[in-house]
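Here's the structure we're looking at; comments come further down.
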Amino acid sequence: MSDPSDLFLLPLEDWIQTAVEWVVANWRPVFQAIRWPISYTLDGLEAALQGIPYLVVVIAMFAIAWRTAGWRTGVFSIAAMLFIGFLGLWDKAMTTLAIVFTAVVFCVIVGLPLGIMAGRSDRFWSWLRPVLDVMQTTPSFVYLVPVVMLFGIGTVPGVIATIIFSLPPLIRLTNLGLRQVRTEVVEAGLAFGSTRWQLLKEVQFPLALPTIMAGLNQTLLLAMVMSVIAAMIGAEGLGLTVLRGIGRLDVGLAAIGGISIALLAIILDRVTQALGQARRDGPPVERRSWLAMTLGSRPRPGGTPATGENDSSRGPSERFSKGGG
Amino acid sequence: MPVKVRAERLSKVFGDSPGAALEMLDGGASKDEILRETGNVVAVSEVRFDIEEGEIFMVMGLSGSGKSTLVRCLNRLIEPTCGDVLIDGENILAVDEGRVRELRRTKMSMVFQHFALFPHKSVRENVEFGLKIRGAAPAERGAAALDTLRLVGLEDWAEHYPASLSGGMQQRVGLARALATDPGILLMDEAFSALDPLIRRDMQDELLDLQRKVRKTIVFITHDFHEALKLGDRIAMMRDGKIVQVGPPEEIVSRPADDYVVDFTRDIDRGRVFSCASIMRKIPPLQLGKDTLDTATRRMRQESRDALHVVDGEGRPRGIVHAGAIARSVQAGEPDLADALLDGFPTTPETARIADLYTMCGDGLPIAVLDSRGAYAGVLMPLDILTKLTPDVPDPGTRRAMP
């Protein structure tokens with residue numbers, strides 16, 4: 001008589017067991033269909049990253065970091081990548097990158113539309129919000145159980161667990177970004193006869209982009225974290241190195257795995273943070289898409305206006321004059 | 001002038017049970033009573049007005065009087081609870097969403113209090129926006145944007161971003177953006193309220209200049225009575241969601257409908273409100289070559305005045321004759337009206353405000369008011385001017401003392 005369960009034992013455990021078994025038995029095609037694109041993307045990315053000579057990867061990382069976050073981050077990324085290489089963890093780091101990128105790609109595919117829908121519909125947001133709350137308060141290990149049940153073990157289930165774990169911030173910040181766009185600016189868009197799609201494309205999305213990029217940054221860092229935990233269900237990469245180190249009480253091995261993860265995380269954090277900071281003040285800037293910026297290509301021809309340098313030195317107030325028109 | 005915008009019993013209620021609020025409103029309940037009973041806010045309450053093509057129609061009211069809601073009902077950014085809005089005779093509350101978009105794209109555009117420029121687009125892209133939404137080709141809309149920017153004097157700033165412009169310049173961009181689609185109707189929601197006083201005055205002058213060129217129907221929301229007087233062809237005074245008076249500035253000032261309107265008119269410079277045309281006396285002049293000394297004397301007696309203006313064959317004033325001068329001419333045996341003429345006399349165009357005439361009043365001579373062709377239109381006595389400067393309404397002390 002020391003425990004409520006002496007009176008009555010709720011057999012929830014059995015119910016769940018039965019339910020999951022039923023789902024696994026009957027819904028197999030669905031899970032295979034989910035698994036397939038992820039597996040395909042992951043294999044492709046991993047093969048690419050492993051196949052490209054390390055020097056090319058290092059230089060590419062440098063170029064991306066330099067163009068987006070400045071030369072300091074560029075130099076740091078060279079040093080960090082070479083350091084990981086010298087630790088003998090290059091292949092594992094590339095696998096981890098492949099896992100993280102795959103997870104982020106699918107987070108964007110799923111999270112961006114959900115975030116946009118949430119940002120434009122109070123009803124959808126009120127429904128989605130508790131789901132996100134539950135997702136974010138659930139301990140990361142707990143995700144592993146149903147994933148193993150439904151998808152088995154290995155790297156692909158690890159990626160699926162990573163996607164689920166790192167999805168919420170992107171949805172939340174996309175929603176927030178859209179809602180933060182000033183009412184008057186949205187009204188201006190509508191007052192000129194925008195459709196909902198035009199409003200999203202021309203006004204809401206570009207203005208929400210810095211916030212959305214902050215969400216992407218968070219998602220990416222969470223994916224990095226989860227890629228380690230996902231090693232417990234057989235995901236490969238640096239996480240597995242750490243797990244093995246812990247399992248064998250090999251502190252050195254665990255530590256170099258951990259250090260490598262931290263270094264990768266720092267590079268990716270800096271780069272994605274820089275992508276989120278758009279510059280819209282001051283003199284006319286060279287117009288490029290951020291994709292072009294990332295790849296370091298030249299600005300579009302005709303992008304730089306003729307009024308360029310002269311005007312930029314003068315303050316707007318000095319230049320203010322009564323319109324001649 | 002045809003009616004461009006018509007509002008019929010237009011109401012907007014914010015809240016859960018607008019039906020109940022509307023019923024109370026029909027029953028004559030006040031905004032406060034409705035809020036207490038139903039928890040609904042009546043923002044616009046049975047408003048009706050006609051706005052003629054090409055006029056600047058000012059909606060004047062304090063904050064919370066529902067004027068911003070009203071203007072948004074005109075392009076359905078806010079869905080009215082009941083009533084009709086007719087644009088060129090078409091009831092826009094009865095049409096579907098697609099037609100509303102079409103109307104917004106072609107017939108009306110809007111200028112916002114805090115400019116509401118798109119910070120991620122350059123000045124040119126901002127001005128192009130309406131055309132882009134409409135589906136115009138890049139080259140065409142770029143050229144149109146530059147033309148419109150030239151109109152507001154900002155063509156050199158086309159490739160800058162709004163953040164690098166001063167407030168006044170940003171609002172010019174806002175204005176250019178609204179003009180670029182060449183709409184018939186311009187909705188301006190407190191367009192100049194966020195600007196510094198001096199810039200605001202410049203912008204007001206510029207809007208009047210621009211209006212002479214583009215001739216739009218402008219619905220202009222403001223809480224600044226001076227702005228309303230300066231810009232408006234007609235002013236609608238709004239209070240608690242209702243329009244309490246509509247009329248030209250001079251009428252609002254000279255015949256305020258209630259104490260609320262009186263309060264606004266009290267501290268304004270009346271000399272800047274009244275034009276010469278609005279207060280002049282239309283006394284027919286004498287005509288050279290037609291009238292004689294005899295008829296002049298008779299006319300003076302008829303009009304009970306001791307001086308009259310004399311015009312030539314084209315109606316242009318040539319001078320003044322005084323009763324005294326006529327008497328002297330008759331004594332001297334000079335029978336012609338031309339000989340009795342006094343030619344140093346003050347004149348003013350009929351569009352001038354009476355504040356411009358203060359120095360002329362010093363002479364004590366009647367002032368000839370000229371129409372746009374320079375012909376005699378009427379006469380102003382210095383005393384008329386001074387009388388007009390004093391409000392007809394009692395000052396606050398005596399008014400409050402009355403039961």
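FYI, it's all coordinate maths here, none of it is from the lab. For clarity, every value in this text was computed on a predicted model and none was experimentally measured. Here Cβ is always computed from backbone atoms with ideal geometry, including for glycine, and neighbour counts include all displayed protein chains.
Could you line up B:295, A:183 from fewest to most neighbouring Cβ atoms inside 10 Å?
In increasing order of surrounding Cβ atoms, one gets A:183, B:295.
Its Cα gyration tensor gives the protein assembly as shown an equivalent ellipsoid; the semi-axes, largest first and in whole Å, are 76, 32, 19.
In loop segments of region A:184-263 as defined by DSSP, the trypsin sites (Lys or Arg not before Pro) with at most 15 further C-beta atoms inside 10 Å of their C-beta are A:248. Of the GluC sites (Glu not before Pro) found in region B:289-398, those in coil by DSSP whose Cβ has at most 12 other Cβ atoms within 10 Å are B:314.
Neighbour counts of C-beta atoms inside 10 Å place B:343, A:91, A:133 in the sequence B:343, A:133, A:91, starting with the fewest. In whole angstrom, how far apart do the alpha carbon centroids of region B:35-77 and region B:309-351 sit? When both Cα centres are located, 54 Å separates them. Computing FRET efficiency as 1/(1 + (r/R0)^6) for residue A:34 and residue B:156, where r is the C-beta to C-beta distance and R0 is 56 Å, gives about 0.50. When the alpha carbon coordinates of region A:90-130 are projected onto the principal axes, the ranges are 47, 17, 9 Å, largest first. Computing FRET efficiency as 1/(1 + (r/R0)^6) for residue B:213 and residue B:347, where r is the C-beta to C-beta distance and R0 is 30 Å, gives about 0.60.
For residue B:16 and residue B:114 in the same chain, what is the full-extension length gain: residue separation times 0.36 nm, less their Cα-Cα distance, in nm?
Extra length from residue B:16 to residue B:114 when fully extended: 32.3 nm.
What the Cβ-Cβ distance of residue B:82 and residue B:330 gives, at R0 = 51 Å and to the nearest 0.05, is a FRET efficiency of 0.10. The stretch between residue B:97 and residue B:383 holds 97.1 nm of extra length on full extension. This uses 0.36 nm per residue minus the Cα-Cα distance. Annotation: extensible slack from residue B:251 through residue B:269 equals 5.0 nm (criterion: 0.36 nm per residue apart, minus Cα-Cα distance). Label positions at residue B:301 and residue B:193, each projected 7 Å from the Cα along the C-beta direction, are separated by 6.2 nm.
Counting charges near residue B:95 (Lys, Arg +1; Asp, Glu -1) among other residues having Cβ under 14 Å from its Cβ returns a value of -1.
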